[in-house]
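Read the structure below first, then the notes.
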Amino acid sequence: MRSKTLYFNKTLFLKDLSRFWPLWGGASFIGALFPLAMLSKLLRYGGYAGVSAGAPLEMTKLYYDVLQAAVPAVCLLYGLLCAMAVWNYLYNARSAGLMHTLPIRREGLFVTSFLAGAAMLLIPFAVTGTLCVLTSAAFGLFEPVGLLVTILGVLGESFFYFSSATLAAFITGNAFAMPALYLLLHFLEAILDLLLSNFARGFIFGFSTDYTGFLEFLSPTVYLYRNVSMDAEYREIVNSVGEFVRFELVSVRIENLWIIAVYALAGVALLAFAFALYRRRQSERAGDVVAVGWMQPFFRYGVAALAALLGGQLIYSMFWYDEYFKVAPLAVVMFLTGAIGYYGASMLLAKTLRVFRGSWKGLALVAAGIAVVCGALKMDVFGAAGRVPEISQIQRAELYVDNNSYTFYPGEEDELLEQVRAVHAAIAADRDYILNSKQSDLSVLAEDALTHASVSLTYITTGGQEVQRVYYMPLTRDRLGRSGTYDYLLDQLVNSQEMRLKRIHANGDGYEPAGGSIYLNSRDEGYDLSDREAAAILEALTRDAVAGRWGQVNWLDTREETQGTAYAMSLSLSFRQSLEQNMFRNDWIDIKVRPEMTAVTACLMELGLVTSADLVTYAEMYPEEYGGESSRVRTPSAEAVWPETVSDSVILMGTTG
């Protein structure tokens with residue numbers, strides 16, 4: 001009889017399943033609780049978690065909710081347990097030797113154990129899914145498309161996570177190191193992004209990004225949660241007299257499902273890599289923290305780098321508190337923590353504490369790496385501090401200054417966007433002046449000749465990356481009148497008529513008035529505004545803005561007397577911009593109404609919202625808070641306008657029809 005090579009051993013497969021039945025059995029029991037709870041509540045109350053009998057789309061929405069919110073975390077953790085179960089023999093020399101003496105080739109061991117682990121991972125999903133399908137069919141909730149999409153998503157994520165856990169199992173030979181290595185591989189990019197972003201903030205002028213997400217796809221769980229989402233659209237149901245009854249779900253879809261497919265393909269590559277490592281793995285490597293020889297230097301210096309970044313910044317923050325790092329003390333503490341990481345990793349690899357002899361070369365390499373990184377960032381060799389994206393590179397730009405937020409789009413507002421870039425470039429060029437302002441002679445200037453302003457700039461590039469800078473800098477009377485300074489350029493930009501109109505969406509950007517509210521301190525009463533009233537007030541506010549009676553920012557006038565000259569009322573306008581696919585964007589603005597705003601005041605009186613008795617200023621109503629009697633008769637100039645507050649936060653949601 002001709003001999004045949006078998007790549008699957010049924011006996012070993014069943015042995016793994018029977019040996020670890022408490023694992024998959026317990027997971028199946030926990031998973032079954034959810035469809036059973038749904039069945040119970042459907043029987044008793046006719047609904048469960050937003051799912052009503054006879055509404056299959058609601059069941060699909062529940063499937064998608066689970067797929068995007070629960071499946072990644074479940075596969076991440078439960079897949080780790082399944083991998084630790086089927087590959088546990090690799091971590092004991094006796095068990096590894098025994099398995100490798102069986103009349104089964106390593107290909108057979110690999111395929112059989114992988115399938116056994118994958119089966120243990122999928123059995124709970126199968127049990128839970130079957131019960132969900134039976135329940136949905138019984139109550140008219142069965143919807144095949146949503147079910148098929150969910151099944152494919154679960155299969156793709158399960159395969160990827162178990163493949164990555166298998167790779168981690170073959171990199172190490174230690175049962176305790178395996179889960180740590182697995183989780184590190186999944187979150188290393190996100191951890192490094194956070195550490196490096198915080199590190200860069202201590203060197204790069206204005207850098208304020210906490211997390212860039214530049215290579216976020218290398219942290220699969222983070223990427224899945226941030227990019228795979230569920231989108232639902234509802235319509236409003238009203239009765240015969242137009243009264244609201246309820247919202248009805250009309251469509252639901254999972255967005256960016258292709259990402260799961262890409263990760264599943266990546267799982268194939270990870271599995272092939274794991275098999276290549278297994279074919280060359282030595283049984284004697286059982287117990288080693290890193291079982292692959294050529295990976296050991298990466299582990300040693302990688303641990304040293306992480307220790308230097310994390311430990312160095314942590315210890316530095318305990319002894320120094322500066323806006324920007326002092327290079328010498330930072331480099332010292334980074335070297336100390338990096339050395340601890342270096343020797344700790346060496347001890348784990350050598351399984352002994354005697355690792356100091358001859359280690360000076362590696363330690364010197366750690367020191368050199370720290371010196372190069374700190375020196376490069378200190379000298380800004382890449383020019384990051386002064387880099388201002390070109391208009392061709394910008395998809396969207398956001399400016400936040402003086403409690404107002406502005407959004408600019410290339411091709412629509414290129415002139416304003418160029419002014420924003422000019423302000424940014426001028427601030428970056430005056431880095432030394434701004435950083436040294438506390439030690440300079442600015443402090444001797446009169447109070448009315450010096451103030452400070454905070455400017456936040458955010459660019460969304462055409463590549464989808466976010467570039468953010470935040471600056472806190474002095475403004476002086478002298479520089480506000482000197483052409484070319486950032487003080488002058490910022491003042492010219494913010495106080496331009498285009499920006500005043502942009503602030504209230506009177507520049508034809510597609511926003512329409514959508515109501516608002518007014519509160520009168522004199523009456524202690526508030527009212528909601530209709531769309532018609534909001535439109536009339538906006539038209540009056542536009543006239544005041546064009547005439548210079550509203551929106552002029554006097555940077556140097558921060559006196560309480562001036563602040564108290566606004567009328568004792570709160571006026572807020574809301575806006576709505578229609579987008580594609582039944583979506584819209586909301587915005588709102590809070591306005592301080594002042595005596596010089598004659599058009600707005602007349603409009604409010606004409607609409608019957610205020611009377612002459614309501615036109616009392618804060619200083620007149622609360623004289624004890626605004627300098628006593630003298631504050632009652634102070635009238636501000638047209639330039640001394642209290643800046644309104646605008647939020648340009650974007651809220652996207654489905655329209656109601």
Residues located in region 499-532, provided they are of a type in the set (Lys, Arg), in contact (Cβ under 8 Å) with a residue 60 or more places away in the chain and within 19 Å of residue 543 (Cα to Cα): 502, 503
Positions within region 89-101 being in contact (Cβ under 8 Å) with a residue 12 or more places away in the chain and surrounded by fewer than 17 Cβ atoms within 10 Å (Cβ to Cβ), in sequence order: 92, 93, 95, 97, 100
One residue from 342, 324 being surrounded by 13 or more Cβ atoms within 10 Å (Cβ to Cβ) and outside any loop (DSSP other than H, G, I, E, B): 342
Condition met for residue 557 (surrounded by 18 or more Cβ atoms within 10 Å (Cβ to Cβ) and farther than 30 Å from residue 231 by Cβ): no
Matching residues, region 375-402, being within 14 Å of residue 422 (Cβ to Cβ) and in a helix (DSSP H, G or I): 391
Verdict on residue 333 being touching a residue at least 24 places away in the same chain (Cβ under 8 Å) and part of a helix (DSSP H, G or I): no
Identity of the residue in region 606-620, of a type outside the set (A, V, I, L, M, F, W, C) and either in contact with an Asp or Glu (Cβ under 9 Å, 6 or more places away or on another chain) or part of a strand (DSSP E or B) (or both), that ends up surrounded by the most Cβ atoms within 10 Å (Cβ to Cβ): 617
Test result for residue 335, modelled with pLDDT of 95 or more and either of a type outside the set (A, V, I, L, M) or closer than 22 Å to residue 177 by Cβ (or both): yes
Strands (runs of 3 or more DSSP E) lying entirely in region 507-605 (those with 1 or more residues that are outside the structural domain of residue 234 (by TED's automatic domain parsing) and within 30 Å of residue 475 (Cα to Cα)): 569-578, 583-591
So residue 632, is it closer than 18 Å to residue 521 by Cα, among the basic types (Lys, Arg) and modelled with pLDDT under 60: yes
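Quick grid of which residues meet (1) over 33 Å from the mean Cα position of the chain (by Cα); (2) surrounded by fewer than 21 Cβ atoms within 10 Å (Cβ to Cβ); (3) in the same structural domain as residue 252 (by TED's automatic domain parsing):
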| position | (1), (2), (3) |
| --- | --- |
| 107 | yes, yes, yes |
| 115 | yes, yes, yes |
| 118 | no, yes, yes |
| 121 | no, no, yes |
| 125 | no, no, yes |
| 130 | yes, yes, yes |
| 142 | yes, yes, yes |
| 155 | no, yes, yes |
| 161 | no, no, yes |
Test for residue 215: is it closer than 30 Å to residue 60 by Cα and either of a type in the set (Asp, Glu) or in contact with a helix residue (DSSP H, G or I) (Cβ under 9 Å, 6 or more places away or on another chain) (or both): no
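The values are calculated or read from the model by the stated rules, or taken from the named source; none is laboratory data. All values derive from a computational prediction rather than experimental measurement. Using ideal geometry, Cβ is built from the backbone for each residue, glycine included, and neighbour counts are taken over all protein chains shown.
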